[in-house]
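Colleague: The structure is given below, and queries will be raised subsequently.
The values are calculated or read from the model by the stated rules, or taken from the named source; none is laboratory data. All values derive from a computational prediction rather than experimental measurement. Glycine gets a Cβ as well: all are built from the backbone with ideal geometry, and neighbour counts include every protein chain shown.
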Amino acid sequence: MTQLATIETPALPPMETLDAYLDAGRHLATMRKRLGFLIGDWVNHGREHFAEQIEMALETAGIDERFAARAANVAKSFPPSIRSDALSFDHHRVVLSLPRTEQLEMLTEASKRHWKPQELKDAVAKRRYESGQDFPDDDVDAHFEVQIIRAWNRATTAARESFVERVEAAGLGVIDESKIYD
């Protein structure tokens, strides 16, 4: 019989004052921003030093292989010397498909404008669209976003208004196509 590993949750520090509470929150946010890099660096180290046991290590640690592969790729592409402390792992992941100079430009812009990862992702998609770049096959969301943007840009104002109403009515869920001609 397989036993589940017990996960020990680190205890939060004492938070008797608002300042202590806010400090704990900032510390957690910083840990969250860095976690992808830490996992990626760990996976890359394991591949280099324990290649034969990497699958077992991922399974033992309970880390999804696809996430581990992405994290390792981002960490390898952005060594510590060029990672932006002001931005999260997700920010770096979003620009991975761009050439190095554009990656750094977009990360700098994201830092200056205090963009969230989704805002940076939108800016990257816009840049790629404007420059006519194709999207990698594994970037399905970006591909669909571009298709929607292209359809939106070709649509009449009336069609856009109708579409917005349908999106709002669907609550960002599935829009029933059979009702379009009703």
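Colleague: Which residues, taken from region 17-33, are among the polar types (S, T, N, Q) and within 18 Å of Lys116 (Cα to Cα)?
Modeller: Here is the first cut: in region 17-33, the ones among the polar types (S, T, N, Q) are 17, 30.
The answer is Thr30, and nothing else.
Colleague: While we're looking at this one, here's another question. Among the residues of region 2-21, are any in contact with a helix residue (DSSP H, G or I) (Cβ under 9 Å, 6 or more places away or on another chain), over 30 Å from Lys126 (Cβ atoms), of a type in the set (A, V, I, L, M, F, W, C) and surrounded by 14 or more Cβ atoms within 10 Å (Cβ to Cβ)?
Modeller: Within region 2-21 (the criterion being in contact with a helix residue (DSSP H, G or I) (Cβ under 9 Å, 6 or more places away or on another chain), over 30 Å from Lys126 (Cβ atoms), of a type in the set (A, V, I, L, M, F, W, C) and surrounded by 14 or more Cβ atoms within 10 Å (Cβ to Cβ)), the answer is no, since none of the residues qualifies.
Colleague: A further question follows. Of all residues in region 76-117, which are farther than 24 Å from His45 by Cβ, among the charged types (D, E, K, R) and assigned to a helix (DSSP H, G or I)?
Modeller: Matches in region 76-117: Glu102, Glu105, Glu109, Lys112, Arg113.
Colleague: Please determine whether any residue of region 131-148 is over 18 Å from the mean Cα position of the chain (by Cα) and under 30 Å from Leu35 (Cβ atoms).
Modeller: Yes.
Colleague: Right, next: Does Ala123 meet the test of being loosely packed, with under 11 Cβ neighbours inside 10 Å, modelled with pLDDT of 80 or more and assigned to a helix (DSSP H, G or I)?
Modeller: No.
Colleague: Are any of the residues in region 134-152 of a type outside the set (Phe, Trp, Tyr), under 30 Å from Arg47 (Cβ atoms) and buried (at least 16 other Cβ atoms within 10 Å of the Cβ)? Spell out the reasoning first.
Modeller: Restricting attention to region 134-152, the residues satisfying the condition of being of a type outside the set (Phe, Trp, Tyr) are 134, 136-143, 145-151.
Next, only the ones that are under 30 Å from Arg47 (Cβ atoms) stay: 134, 136-143.
Filter again for buried (at least 16 other Cβ atoms within 10 Å of the Cβ), leaving 139, 142.
Yes: region 134-152 contains one or more residues that are of a type outside the set (Phe, Trp, Tyr), under 30 Å from Arg47 (Cβ atoms) and buried (at least 16 other Cβ atoms within 10 Å of the Cβ).
Colleague: So, one more: Would you please list the contacts, defined by Cβ atoms under 8 Å and residues six or more apart or on different chains, that run from a residue in region 14-36 that is within 25 Å of Arg83 (Cα to Cα) and among the small types (Gly, Ala, Ser) to a residue that is loosely packed, with under 13 Cβ neighbours inside 10 Å and modelled with pLDDT under 90?
Modeller: So the pair list comes out as Ala24/Leu12; Ala24/Pro13.
Colleague: Pairs please, first residue from region 96-124 and in contact (Cβ under 8 Å) with a residue 24 or more places away in the chain and within 16 Å of Val74 (Cα to Cα), second anywhere and among the charged types (D, E, K, R) and not in a loop (DSSP other than H, G, I, E, B), Cβ atoms under 7 Å, 6+ apart in sequence or on different chains.
Modeller: Every condition considered, the pairs that remain are Pro117/Asp90.
Colleague: Among the residues of region 53-72, is any exposed (fewer than 11 other Cβ atoms within 10 Å of the Cβ), of a type in the set (Val, Ile, Thr), assigned to a loop (DSSP other than H, G, I, E, B) and modelled with pLDDT under 95?
Modeller: no
Colleague: To continue, here is another question. List the residue pairs whose Cβ atoms are under 7 Å apart, where the first residue sits in region 59-71 and is on the phi > 0 side of the Ramachandran plot, the second is modelled with pLDDT under 90 and small (Gly, Ala, Ser), and the two are 6 or more positions apart or on different chains.
Modeller: Qualifying pairs under 7 Å: Gly62/Ala5.
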